[in-house]
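The values are calculated or read from the model by the stated rules, or taken from the named source; none is laboratory data. Since the model is a prediction, treat every value here as computed from it, not as a measurement. Note: ideal-geometry Cβ built from the backbone for every residue, glycine included; neighbour counts use all protein chains shown.
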Amino acid sequence: MTKRGIWVEKKGKWAITAIGAVLVLGLAGWGIYWAIQNNYFEQAVSMIDENTPPALFIGLMVVLPLVGFPISVFLIMAGIKFGALYAILLWIIVLPAHTLISYHLARALRGPLERLLTEKFGYSIPRVPEQREALFSFLFLAVPGIPYAAKNYLLPLAGIPFKYCVLMNTVVQLCLGLPFIILGKSATDMNLTWFLAALGVFLVVFFGVRWLKKRYGDKISGAASAG
């Protein structure tokens, strides 16, 4: 095969992965749109405040982030509603539930999607090389700005193993979520120390991830393209 043919094949494989991601996000988006059209989403959001009954708040926190609602809203409100300690305990319980549910949903979708692409288009979803899976997963999970639901669904859709999709995901996003809880706590107590602590964690995460991406990003991109 010519160099151009190899390049086209590689680009085609990554395009198929992108299509899979769009399908997952599209389904989530359709669910959100349907909920908004029927006022379910607005009703749910209106119930998320410091006066929400604890059982209802926890139920909403379990369900809504699975369909794309920002987890940061719940973490801030949890810090306000329950205080830092109980909010962190709640986060420790809810986060693994989200990663487990997302993992199994995405893997269930991956099989039919992969068969469809192989049979209809002759493509297979590319995989990240095994020796790069850990670093690739960590950088993907640690990068700020990528939606919470996208992080939970896209790694298993790409064929990343359970230990990274669930175990590493839980550890990394647990740490990323702590500043939001602290922000909620600082808002309740009007405590400048809590606020500065949260800001400090945000800055450490931001510059730490930038350094890691600068140092390892090209290696991962090259390895993934080769895969």
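In the stretch 117-139 there is at least one residue matching the filter, namely being in a helix (DSSP H, G or I), buried (at least 20 other Cβ atoms within 10 Å of the Cβ), within 12 Å of the chain's Cα centre (by Cα) and at pLDDT 85 or above.
Among residues of the stretch 114-142 that are of a type in the set (K, R), those with a Cβ under 9 angstrom from a residue that is at pLDDT 85 or above and not in a loop (DSSP other than H, G, I, E, B), sequence gap 6+ or separate chain, pair up as R127/E133.
Across the stretch 76-103, what is the total count of residues that are more than 18 Å from L141 (Cβ to Cβ) and of a type outside the set (K, R)?
So the count comes out to 15.
P144 meets the conditions (1) in contact with a Leu (Cβ under 8 Å, 6 or more places away or on another chain); (2) surrounded by 14 or more Cβ atoms within 10 Å (Cβ to Cβ); (3) modelled with pLDDT of 65 or more in every case but one. The failed one is (2). For the stretch 169-187, name all the residues that are surrounded by 16 or more Cβ atoms within 10 Å (Cβ to Cβ) and either among the β-branched types (V, I, T) or farther than 22 Å from F69 by Cα (or both). Passing the criteria: T170, V172, I181, I182, S186.
Are any of the residues in the stretch 67-74 part of a helix (DSSP H, G or I) and either modelled with pLDDT of 90 or more or farther than 30 Å from L167 by Cβ (or both)?
Taking every residue of the stretch 67-74 in turn, at least one turns out to be part of a helix (DSSP H, G or I) and either modelled with pLDDT of 90 or more or farther than 30 Å from L167 by Cβ (or both).
Does G159 satisfy the condition of being under 12 Å from the mean Cα position of the chain (by Cα), on the phi > 0 side of the Ramachandran plot, modelled with pLDDT of 65 or more and part of a loop (DSSP other than H, G, I, E, B)? No, not satisfied. Taking residues in the stretch 96-110 that are at positive phi, and partners anywhere that are of a type in the set (S, T, Y) and in a helix (DSSP H, G or I), not one pair has Cβ atoms closer than 6 Å while being at least 6 places apart or on different chains. How about the stretch 124-158: which of its residues are among the charged types (D, E, K, R) and under 20 Å from V94 (Cβ atoms)? Once the filter is applied, which keeps residues that are among the charged types (D, E, K, R) and under 20 Å from V94 (Cβ atoms), the stretch 124-158 yields only K151.
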